[in-house]
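Notes follow once the structure below has been shown.
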Amino acid sequence: MWTRWHTFGDLRNQMQRLHDDMNRLFGRYAVGNRDLGQGAYPALNLFEDDNNLYMEAELPGFGADDVEMFVNSENQLSIKGQRKPPEHKNGTWHRQERGFGSFSRTVELPSAVDGDSVSAAFSDGVLTITLPKRQKAKPRRIDVKSN
């Protein structure tokens, strides 16, 4: 009795198919699908002191003109942007993992902010946003009197 052996090519194809399915399932980029809006993008840090909220957003490869921000109501910040696809006309791609396309993210803030006084600065791929708190949202010291 003869046993027929399958080539490793079949196994490799099955593994690649499984890999692609897992990437799609967990929202990772698959070749040809370069949407930045998947998941929570950009990565953010949000912290505060007595007078301001501060938000940092990681946006490598973006310029100041590629990003828009809006303060909605008193306690929401929206960030929108777009990274354009790279142009390499005279070459062959071997790996393309950096995403491109549009993103939009709205974050609810823990305090009401003064939308007219919000400022932002871009440095080394990090967007830092300063959101001054409204007077009513700032902590107020109460003096305790004794008899």
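Assorted remarks:
- Test for residue 136: is it more than 22 Å from residue 40 (Cβ to Cβ) and either part of a loop (DSSP other than H, G, I, E, B) or of a type in the set (Phe, Trp, Tyr) (or both): no
- Region 22-55, residues that are of a type in the set (Gly, Ala, Ser), within 30 Å of residue 131 (Cβ to Cβ) and modelled with pLDDT under 55: 37
- Matching entry among 96, 76 (being polar (S, T, N, Q), within 22 Å of the chain's Cα centre (by Cα) and modelled with pLDDT of 90 or more): 76
- Test: residue in region 14-21 that is charged (D, E, K, R) and either modelled with pLDDT of 90 or more or surrounded by 11 or more Cβ atoms within 10 Å (Cβ to Cβ) (or both): yes
- Residue 62 being within 17 Å of the chain's Cα centre (by Cα), modelled with pLDDT of 85 or more, closer than 30 Å to residue 20 by Cα and surrounded by 13 or more Cβ atoms within 10 Å (Cβ to Cβ): yes
- Single residue of region 65-94 satisfying the filter (farther than 16 Å from residue 115 by Cβ and acidic (Asp, Glu)) that is surrounded by the most Cβ atoms within 10 Å (Cβ to Cβ): 66
- Close contacts from region 113-142, counting a first residue that is on the phi > 0 side of the Ramachandran plot and a second that is surrounded by fewer than 12 Cβ atoms within 10 Å (Cβ to Cβ), with Cβ to Cβ under 8 Å and a gap of 6+ residues or different chains, come to 125/60.
The values are calculated or read from the model by the stated rules, or taken from the named source; none is laboratory data. Just so we're clear, the structure is a prediction, and the values are computed from it rather than from any experiment. Here the Cβ is made from the backbone with ideal geometry for all residues, glycine too, and neighbour counts use every protein chain on show.
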